Structures are given as C-alpha cells and as structure tokens.
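The values are calculated or read from the model by the stated rules, or taken from the named source; none is laboratory data. The structure presented is a predicted model; accordingly, all values stated were derived computationally and were not measured. Virtual Cβ from ideal backbone geometry, glycine too; neighbours counted across all protein chains shown. The protein model used for the area step is the full one, side chains on, heavy atoms only, and it has no ligands, DNA or RNA in it. Shrake-Rupley method; radii C 1.70, N 1.55, O 1.52, S 1.80 Å.
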Amino acid sequence: MIVLPEDFVRETRLVMGEERFNRYLEAFNEEAPTSIRLNPFTQGVRNVVQSSENCTTFLTPCVKVPWCEEGYYLSGRPQFTFDPLFHAGCYYVQEAASMFVSHVLRQFVKEPVAMLDMCAAPGGKSTAAISVLPEGSTLVSNEPIPTRAQILLENITKWGWPGCIVTNNYPRDFRKAKAKFDVILCDVPCSGEGMFRKDPNTISEWSLQNVEKCWRLQREIVADAWECLNPGGILIYSTCTFNTKENEENVRWIMETYDAEMLEVPSEPEWHITGSLLEGFEATVYRFIPGITKGEGLFISALRKSSRKEEGGKRTENTLTKELLQKNKCLKIMDISNLRPLSSFLLPQIDLNYSEALKYLRGEALVLPADTPKGIITVTYQGIPLGPVKNIGNRANNLYPKPWRIKTTHLPSEAPEVLQIVKS
C-alpha cells in the first residue's frame, strides 16, 4: 500500500478539494493506463494515424487518446523492451496526459517555426512536437544533464526526423547566445507529484522544501526562455505536479512580469480536464489528475509574448542553426549508420525474423544470406530499419550503438503484441 507524505496530503487536499482529492486517491487502487504514440513518419504506421477509427495494425485492443491523433491507450502493458518496432522508433511509450502538448501545438502553430524544447529528456514531448510541427520547421531539443541528453539523442534519432538538433546546455546558454525561437516549451523540473502513481520512488523524494526549490528554479528557466522568445512567440509551460506554487502562481508571475497573453486551448468536457485551482486566478490552464482524467498528473498552459518589435528583429532559421552549432554544445544527429532516411534508401536491406532482430538489438554478430552484398547493410524488421551491420562475408559485424543495446539475456521466443506493420 502506498503511503503519501502527510504534508503532501494536507496541501493537496486543500488545493483539489475533498471530492476531487478522494477521486485522486482512488486512482492508486486502479492500474495505471498504458498508452503509446505512433510515429507518423514510419511507413505502414502512417495509415493508422491518418484514419482515426482504423486499428487494423494493432495486435492488442486499443482506444484512441482523444486529444492526440497519434495516441492510443492499450488494453495491457506489453514488454516493450522485446519489441523490435519499439527500438525502430515506430512508436513512443508515453503517458497520455503528456501528449496534450501536440494538441496545443496544433492549435497555434500553422506555419514553419523555430522551436526550442528547453528541458527535453527523455524526449516524449519533443517527439510529439516533431510529429505535428509544419514542414520546414526546426526543433532544438535540449537537455542540461549530459547522461539524460544521451538518452534524448537516442530517442530523437530513432524517431527519424532530420529537422532537429539535440543540445546539452543550460537555459542561460541560449540566452547568452542570443538565440531566438518562435515557440519554446518549458517542461520544467518539478516536485513530481503527478508521477506518484506511475513511479512510487518519486514519493520518497518529495518535500515541502523541494517544492520551494522547484518553483524558484522554474522561474529562472522561464526568465531565460522569455529572452529567447520572438515577439508574438508562444511559451508552453508545463509540469507534472499538482501544487499551485509550481503551477498557477508561476503562470500568474509570467503574466504579470512579462505582460504575457494567456491562450485558450480548445478542449472537450468529456476529457475531464481540470482548470485553475488557485482561488481568484481564472486563467485558462489545464490540469490532468489521475482518477479524473485518463493519464498521470500534468499541468500545462500556453502564453503569447507581445508582438512589439525587439531590437535586432527576427533571425532566420539558417542563422539560428549556425549560431547554435557555433556557441552551444550540440549532439550530432546522427551519421549514416543511424539516420533512417539514409539507411532506408541508400543502403542494401536485409529483413530479419524476430529471433534475429533480438540478436541484433543485443549487439550480436549475424550471419546473412550468402548472396548478401559485402559492406554496410541495413537490417530491417517487418521492413522497418533497425540499423547497420558490416557484412564481411562469413558474418556481419554489428554496428548498433552500444548504449542502445538490450542488456538482458532472457529473451522471449515471440514478439510482444503491439503493432504489425501493414504495407499499403
């Protein structure tokens, strides 16, 4: 049985009210929903994304996430680690509330933009943004912590969209570089109250002192982000916590400090999204509460910067990219061994069965058919590229990046029932 901190229970009951808080507590007795978001750039998956009622490529029963065209709830939680299509980037395992960022972007971004995801690891919201940004856009996906930045790099690379740069910088570095963006997502570090059901380990890390630390850090990040936002640009502010200090009070601070305009995001009553819980603050904010909405905890709001001109004007996309490469620590995405468009179309391909695909994902050498050309080969599963090998004749040396490999030796004989690629 999960025991919540007394301070958290007291504070959150006051914020939510008795009825709403009791519904939240009941959610701990329910199985957390499992949801995935399909990659619209993957051949064979695209057909499902374009047809809201077509689940013919799903092997497990599914229900659509109502605020995300690419999102689906699954009836259970498969062992995603053993699904080659997961490693190939055909889908991303993401809790449903976090997918709301794609709904926000669809409402307000109608032409190519330069976008920054300031605190992006492990990459869920960045890959969601990639999926809906207009063609010609650039996304800078940033993570300050080096180890987490490598995880971000892996997930962005597997998603297979070339208009993205992964960086490993602090928010202040973008401000110092005088980089400018049309959209900035600040999914800021927070006290993590909304993840208690999904990750009970976060409960032991919670304290009132950490809440105080978080809301101050969040304002520092927003202050840096706001300087990087173009006139008329959009700031998306989000946390995975419930308290008003990190949520409504920070949004109110943004509005008062920067004269920001709050944007209203269309939503439906049946989504059961909760609005502002700060007395006297009636701004349009969006709070997802387990037991009320089908997902984990999330708070999100969208604000627009005044369109008054700033000194220096708007920078072009090419200048932005050039300056980031010169002044910031960028993590390259990626070379010919990992970039899907190159590996898919310029290299010979060999399709693997399920057992062979797992061996490849573990980093083992393969034996390919005798008539396979020598040199760099792309190995695929159900026609979807997994990565490269170097075929030397008697064997094919594995070139799959070591940090990405499956570590366990206990491998199943059959693939998890998630997706089956259907060729149109």
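For Cys90, the conditions (1) at pLDDT 95 or above; (2) open to solvent by less than 40 Å² (accessible area, probe 1.4 Å) all hold with the exception of (1).
Just checking: which of the strands (runs of 3 or more DSSP E) contained wholly in the range 174-279 hold 1 or more residues that are closer than 17 Å to Gly297 by Cα, in contact with a strand residue (DSSP E or B) (Cβ under 9 Å, 6 or more places away or on another chain) and open to solvent by less than 50 Å² (accessible area, probe 1.4 Å)? Write out each step before concluding.
Details: elements: 181-187, 229-239, 261-263.
Those strands (runs of 3 or more DSSP E) span 181-187, 229-239.
Checking the range 355-366 against the condition returns no match, with no residue being of a type outside the set (D, E, K, R), open to solvent by 20 Å² or more (accessible area, probe 1.4 Å) and at pLDDT below 95.
Name the residue that is farthest from Trp159 (Cα to Cα), counting only residues in the range 108-138 that are among the β-branched types (Val, Ile, Thr) and under 14 Å from the mean Cα position of the chain (by Cα). In this case the residue turns out to be Val132.
Out of the range 352-379, which residues are in contact with a Gly (Cβ under 8 Å, 6 or more places away or on another chain) and either of a type in the set (A, V, I, L, M, F, W, C) or farther than 18 Å from Gly160 by Cβ (or both)? Result: Lys374, Val379.
Looking across the range 390-424, the residues that are farther than 19 Å from Thr60 by Cα and open to solvent by less than 60 Å² (accessible area, probe 1.4 Å) come down to Asn391, Gly393, Ala396, Asn397, Asn398, Tyr400, Pro401, Trp404, Arg405, Ile406, Thr408. I'd like to check something: does the range 223-237 contain any residue that is modelled with pLDDT under 95, of a type in the set (Val, Ile, Thr) and within 30 Å of Glu135 (Cβ to Cβ)? For the range 223-237, residues modelled with pLDDT under 95, of a type in the set (Val, Ile, Thr) and within 30 Å of Glu135 (Cβ to Cβ): absent.
Looking at the range 310-323, can you tell me whether even one residue there is open to solvent by 20 Å² or more (accessible area, probe 1.4 Å), at pLDDT 95 or above and among the hydroxyl-bearing types (Ser, Thr, Tyr)? Checked the range 310-323: no residue is open to solvent by 20 Å² or more (accessible area, probe 1.4 Å), at pLDDT 95 or above and among the hydroxyl-bearing types (Ser, Thr, Tyr). Taking the stated definitions as given, is Ser191 touching an Asp or Glu at 6+ places or on another chain (Cβ under 8 Å) and either within 21 Å of Val140 (Cα to Cα) or not charged (D, E, K, R) (or both)? Yes, satisfied. Note on the range 68-87: among residues that are touching a Phe, Trp or Tyr at 6+ places or on another chain (Cβ under 8 Å) and open to solvent by less than 10 Å² (accessible area, probe 1.4 Å), the one that is farthest from Met262 (Cα to Cα) is Pro84.
On the stretch given as the range 95-113, residues that are within 27 Å of Arg219 (Cβ to Cβ) and open to solvent by 10 Å² or more (accessible area, probe 1.4 Å) total 7.
Is it fair to say Val63 is of a type in the set (A, V, I, L, M, F, W, C), in a strand (DSSP E or B) and either surrounded by fewer than 18 Cβ atoms within 10 Å (Cβ to Cβ) or modelled with pLDDT under 95 (or both)? Answer is yes for this residue. Scanning the range 139-159 for residues that are open to solvent by less than 10 Å² (accessible area, probe 1.4 Å) and either touching a Ser or Thr at 6+ places or on another chain (Cβ under 7 Å) or among the small types (Gly, Ala, Ser) (or both) turns up Leu139, Val140, Ser141, Asn142, Ala149, Leu152, Ile156, Trp159.
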